[in-house]
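K.L.:
Just passing along the structure, written as structure tokens.
Just so it is clear, none of the values below were taken in a lab; they were calculated from the coordinates. Predicted model, so just to flag it, every value in this text is computed and none were measured. Note that we place each Cβ from the backbone using ideal geometry, even for glycine, and neighbour counts take in every protein chain shown.
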Amino acid sequence: MRLGVLVSGRGSNLAALLAAEATGRLAPAEIAVVVSNRPDAGALEVARAAGKPVAVVDHRDFADRDRFEHALLAALATHDAEAVILAGFMRVLTPTFVAAFPLRIVNTHPSLLPAFPGHDAPAQAVAHGVKVAGVTVHFVDTGVDTGPIIAQRAVPVLATDDAAALHRRIQVEEHRLLPAVARALAQGRLVCEGRTVVIRAAPGAADADADQLL
Ligand code: GAR
């Protein structure tokens, strides 16, 4: 399955996806193109260093969201992307974009959704005083961080944590989980039953707790 990876930032999740691909842990998924809405995103250098095709579709160059997304979809189509991974992509997608990849868009978000959607989730968690934070990988629907949850990992919040320290520890889990979910998607092992995502065992593998299947 050819993946288009959308990015806006540093690119540590993209690096995790690339490392998984390089070591055979992403197959049958492969990264076909990396698209950034920010020309200065560090993720672009990460992609180039790995020899991946990149495209910049700067949202500020477009009069409205529809035209921006039309250009995003064109960049993905140029590289025959069959599914989309949002790896730190900080723009909300419209129903038109979501409909172009039904149950084929996956986002990673640094909180245990439905807590703390939107921006700066680790800072929201620290400000709220929660004791457990984490990461959620989910299908994208037309809401903000509201789509069916594929997998989550919990991370304790330490008394000494500020938002940056908590985010760093969340990312350790995130960098394991996102490539595993991308692979399961490409293997056709993610089945959506209403809001519930069932993770099927790999062919030949024994049935096990869903958490063990990623
Ligand atoms: C990631 O932690 C991701 O979960 C978050 O942005 C970070 C990007 O880091 N995404 C969101 O907050 C989306 N609402 P990266 O550029 O190093 O992968």
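K.L.:
Could you work out the percent of alpha carbon pairs in the stretch 112-185 separated by over 19 Å, rounded to a whole number?
P.N.:
Values: 881 of 2701 pairs.
Summing the P(r) tail past 19 Å for the stretch 112-185 gives 33 percent.
K.L.:
Please order Thr160, Thr108 by the number of other Cβ within 10 Å, starting at the fewest.
P.N.:
Numbers: Thr160 7, Thr108 25.
Ordered by Cβ neighbours within 10 Å, fewest first: Thr160, Thr108.
K.L.:
Round to the nearest 0.05 the FRET efficiency obtained for Ala123 and Met90 when R0 = 22 Å and r is the Cβ-Cβ distance. Each step should come with its number before you reach the end.
P.N.:
On the way: r = 14 Å, r/R0 = 0.66.
E between Ala123 and Met90, to the nearest 0.05, is 0.90.
K.L.:
Could you give me D for the stretch 38-124, from Stokes-Einstein at 4 °C and 1.567 mPa s, where the hydrodynamic radius is the Kirkwood radius over C-alpha pairs? Units µm² s⁻¹, please.
P.N.:
Working: Rh = 14.5 Å.
D, rounded to a whole number, is 89 µm²/s.
K.L.:
May I pose another question? How far apart, in nm, are two points set 7 Å out from the Cα along the Cα-to-Cβ line at Ala154 and at Ala205?
P.N.:
So the two model labels end up 2.3 nm from each other.
K.L.:
Right, here's the next one. Measuring from centroid to centroid over Cα atoms, what is the spacing of the stretch 90-151 and the stretch 26-48 in Å?
P.N.:
After rounding, the separation between the Cα centres reads 20 Å.
K.L.:
Fewest Cβ neighbours within 10 Å first, please rank Phe89, Phe68 accordingly. If you can, show how the numbers build up before the last one.
P.N.:
Working: Phe89 26, Phe68 21.
With the sparsest Cβ surroundings first, the list reads Phe68, Phe89.
K.L.:
List residues of the stretch 68-99, by number, whose backbone nitrogen lies under 20 Å from a label position 7 Å along Cα→C-beta of Ala27.
P.N.:
Once the point is set 7 Å along Cα→Cβ of Ala27, 82-83 turn out to lie under 20 Å by backbone N, inside the stretch 68-99.
K.L.:
For the pair Ala49 and Asp66, how long in nm is the line joining their label points, each one 7 Å along Cα→Cβ?
P.N.:
Using points 7 Å along Cα→Cβ, the separation is 4.1 nm.
K.L.:
List the relative contact order of the stretch 37-109 as a percent without decimals, with contacts defined as Cα pairs under 8 Å and 6+ residues apart.
P.N.:
Numbers: 51 pairs, mean separation 18.5, N = 73.
Here the relative contact order equals 25 percent.
K.L.:
Another question, then. Report relative contact order for the stretch 75-115 in percent, whole number only (criteria: Cα-Cα under 8 Å, sequence separation at least 6). Kindly include the intermediate steps, with their values, before the conclusion.
P.N.:
Details: 21 pairs, mean separation 19.8, N = 41.
With pairs under 8 Å counted, the relative contact order is 48 percent.
K.L.:
Net charge within 13 Å of Ala20 by Cβ-Cβ distance, Lys/Arg positive one each and Asp/Glu negative one each, not counting Ala20 itself?
P.N.:
Here the charged neighbours net out to 0.
K.L.:
Based on Cα coordinates alone, diagonalise the gyration tensor for the chain, multiply each eigenvalue by 5, take square roots, and list the semi-axes in whole Å, largest first. List each step's numbers first, then the result.
P.N.:
Values: eigenvalues 120, 96, 59 Å².
Its equivalent ellipsoid spans semi-axes of 25, 22, 17 Å.
K.L.:
Let me ask another. Find the Rg to Rh ratio for the stretch 1-55, where Rh is the Kirkwood radius over alpha-carbon pairs and Rg uses the same atoms. Don't skip to the end; give the middle numbers.
P.N.:
On the way: Rg = 10.2 Å, Rh = 10.9 Å.
The Rg/Rh ratio comes out at 0.94.
K.L.:
Among Ala121, Ala41, Ala202, whose mean-square fluctuation peaks in a Gaussian network model of the chain (Cα, cutoff 10 Å)?
P.N.:
Among Ala121, Ala41, Ala202, the largest mean-square fluctuation in the Gaussian network model of the chain belongs to Ala202.
K.L.:
Here is a further query. Rounded to the nearest 500 deg cm²/dmol, what is the calculated helix-only ellipticity per residue at 222 nm for the chain, with -39500 (n - 2.57) per DSSP H run of length n ≥ 4? Don't jump to the answer; show the numbers that get you there.
P.N.:
On the way: 6 runs with 71 residues, N = 214.
One gets -10500 deg cm²/dmol as the mean residue ellipticity at 222 nm.
K.L.:
Related question: Fewest first, what order do Ile149, Ile170 take by the number of other Cβ atoms within 10 Å?
P.N.:
Details: Ile149 18, Ile170 25.
Exposure proxy ranking, most exposed first: Ile149, Ile170.
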